[in-house]
1. For the range 245-288, give me each residue that is surrounded by fewer than 21 Cβ atoms within 10 Å (Cβ to Cβ), among the acidic types (D, E) and touching a Phe, Trp or Tyr at 6+ places or on another chain (Cβ under 9 Å).
2. Can you say whether G115 is at pLDDT below 70 and surrounded by fewer than 17 Cβ atoms within 10 Å (Cβ to Cβ), as far as the supplied structure shows?
3. Restricting attention to the range 289-305, and to residues there that are within 15 Å of E253 (Cα to Cα) and touching a Leu at 6+ places or on another chain (Cβ under 8 Å), which single residue is surrounded by the fewest Cβ atoms within 10 Å (Cβ to Cβ)?
4. Does the range 200-214 hold any residues that are surrounded by 23 or more Cβ atoms within 10 Å (Cβ to Cβ) and not charged (D, E, K, R), and which are they?
5. Report, by residue number, each residue of the range 271-288 that is under 20 Å from the mean Cα position of the chain (by Cα) and under 14 Å from I251 (Cβ atoms).
6. Residue by residue through the range 155-173, note down the ones that are in contact with a Lys or Arg (Cβ under 8 Å, 6 or more places away or on another chain) and surrounded by fewer than 23 Cβ atoms within 10 Å (Cβ to Cβ).
7. From the set of residues in the range 136-153 that are out of contact with any strand residue (DSSP E or B) (no Cβ under 7 Å at 6 or more places or on another chain) and of a type outside the set (D, E), which is surrounded by the fewest Cβ atoms within 10 Å (Cβ to Cβ)?
8. Based on what the data block shows, is E172 under 19 Å from Y230 (Cβ atoms) and touching a strand residue (DSSP E or B) at 6+ places or on another chain (Cβ under 6 Å)?
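The values are calculated or read from the model by the stated rules, or taken from the named source; none is laboratory data. This one's a predicted model, so the numbers in the text were calculated from it and none came from an experiment. Here the Cβ is made from the backbone with ideal geometry for all residues, glycine too, and neighbour counts use every protein chain on show.
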Amino acid sequence: MPDSDLIPVVHVASGEKFVNDRGITAIKDGVKASRDGGPRLRKPDWLRIRVQGGARYEKVQDIVRQHKLATVCEEAKCPNMSECWSSGTATIMLMGDVCTRACRFCAVNTGNPRGWLDAQEPANTARSVQLMNLKYVVLTSVNRDDLPDGGAGHYAECVRRVKQENPGTAVEALTPDFLGVLEDVETVVDSGIEVFAQNVETVRRLTHPVRDPRASYEQTLAVLAHAKKYRPDVLTKTSLMLGLGESEDEIVEAMDDLRAAGVDILTFGQYLQPTAHHYPIARWVTPEEFEKYRKWGLDRGFLEVVSGVFVRSSYRAEQVLQKNNVGLA
């Protein structure tokens, strides 16, 4: 069978070190898959995605480059990048492209930015949203544990500038957990956002080793619960990756925990291993299962559940406010 239909499920050594254009030493993904044994999972027939392009894709790409923005679309190797960019949308990643954490599922570079921030980022972000003519934008970021407030103040300033120059644009903030410091959570929630998101990523049992030790299942639940209690008018949202080895009972437990925390919106997507040294895929979740989990979530009272193979936390995010409850398997 061709290598293009195989996904490695073994680990190799971590990626190579590099120095980016800001002089920050980081670890970069890009290690080639080992060919000396270990099980591999064949891609199922439904795991295909049509690559799109065209003038709108190129326009978004040009705006991102011109304003020196990072996008989670590129950094996290999102399978939906061509679709979203061709539709004239993008998820903007704030505070650089180097994360202080090293989650085993994530393709973003890891290192220590040592307090670096781009003072022009709030203005550049607002201008980019204006040029893209976005009615809904997702602002996300790397974890910045090197900053006293985890970057909450900078994050909030970016939101305020976007709102100032784009008063008709709804903003979703997909944030770090700020080490569970609730005052920092409040800083972002008070910035003018419509949706506050923090991803639980996986079920309780798999949180470690999947996530960085500084993250935790309980900490994410506490952040989401506080955001909702603090500002009930702001929608709360989270995402789970499936195919990491979780059971259906654990999926149900996670849904119940999230509803107890007041979470409004939930997304499910298939975990795709970025490189051979990332956490292995345990199984492919079928489109029928994704539809089943969507119904289970709606039955538990979530305002919206978006569930499908290629769904990511910010995919089709502009539909959140439409409350359309669409399955996307």
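1. Within the range 245-288, E248, D257 meet the criteria.
2. Answer is no for this residue.
3. F302
4. V200, T202, V203
5. Y271, V285
6. Within the range 155-173, E165, G168, T169, A170, V171 meet the criteria.
7. P148
8. Yes: the conditions hold for E172.
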